[in-house]
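Asks: Dumping the structure here so I can ask a few things about it.
We did not get these values from a lab; they are worked out from the coordinates using the rules stated. Everything numeric in this text was worked out from a predicted model, so none of it was measured. Note: ideal-geometry Cβ built from the backbone for every residue, glycine included; neighbour counts use all protein chains shown.
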Amino acid sequence: MSEHRARLATASGAAKPRRVPVRTCVVCREQVDKRALTRLVRRVDGVYVDPSGKQPGRGAYLCDSAACWEKAASGDVLAKALRTTLTPEDRDRIRNHKAAP
């Protein structure tokens, strides 16, 4: 910690708490902590689940609800969020990910 920050932290009593990133599930529109959601990413070769949340590409988030995953795989809401067309392989990949424990 720099000397300036150390002075500020001790002068106010404590350092400011870190801001927690919030994201929205593209299906149910629930806003929760980023870590509670699963990121899907559009890459050149299709749409994939991004467990690290750091892959390059346009991303969208889904909550843990099975209904949200099914709607994302079968409907157009995920395709619109990712600005792409979901192929049958993309839809199968999304369904299979949520089906796995």
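Asks: Along the principal axes of its C-alpha atoms, what lengths does the range 11-62 span, in descending order and rounded to whole Å?
Replies: The Cα atoms of the range 11-62 stretch 53, 24, 14 Å along the principal axes, largest first.
Asks: Search the structure for amide H atoms under 5 Å from the amide H of R43, placed 1.01 Å from N in the peptide plane, and list their residues when 5 or more places away or on another chain.
Replies: Correct list: Y48.
Asks: Can you run phi through the Karplus equation (6.51, -1.76, 1.60; θ = phi - 60°) for the range 17-31 and list ³J(HN,Hα) in whole Hz, with x for Gly and Pro?
Replies: Karplus values, whole Hz, x for Gly and Pro: x, 5, 6, 8, x, 10, 10, 10, 5, 5, 8, 8, 6, 6, 9.
Asks: Could you give me the ³J(HN,Hα) list for the range 39-53, computed from phi with Karplus coefficients 6.51, -1.76, 1.60 and θ = phi - 60°, whole Hz, x at Gly and Pro?
Replies: 8, 10, 10, 8, 10, 4, 9, x, 9, 9, 6, 10, x, 7, x
Asks: Quick one: Karplus J couplings for the range 77-88, per residue in order, coefficients 6.51, -1.76, 1.60, θ = phi - 60°, nearest Hz, x for Gly and Pro?
Replies: 5, 5, 4, 5, 5, 8, 6, 8, 10, 7, 7, x
Asks: What Kirkwood radius, in Å to one decimal, follows from the Cα pairs of the range 18-99? List each step's numbers first, then the result.
Replies: Numbers: mean 1/r = 0.0793 Å⁻¹.
The answer is 12.6 Å.
Asks: Can I ask one more? Just grab the label-to-label distance for R43 and A66, each label 7 Å out from Cα along the Cβ direction, in nm (one decimal).
Replies: Taking the simple label geometry, R43 and A66 are separated by 2.9 nm.
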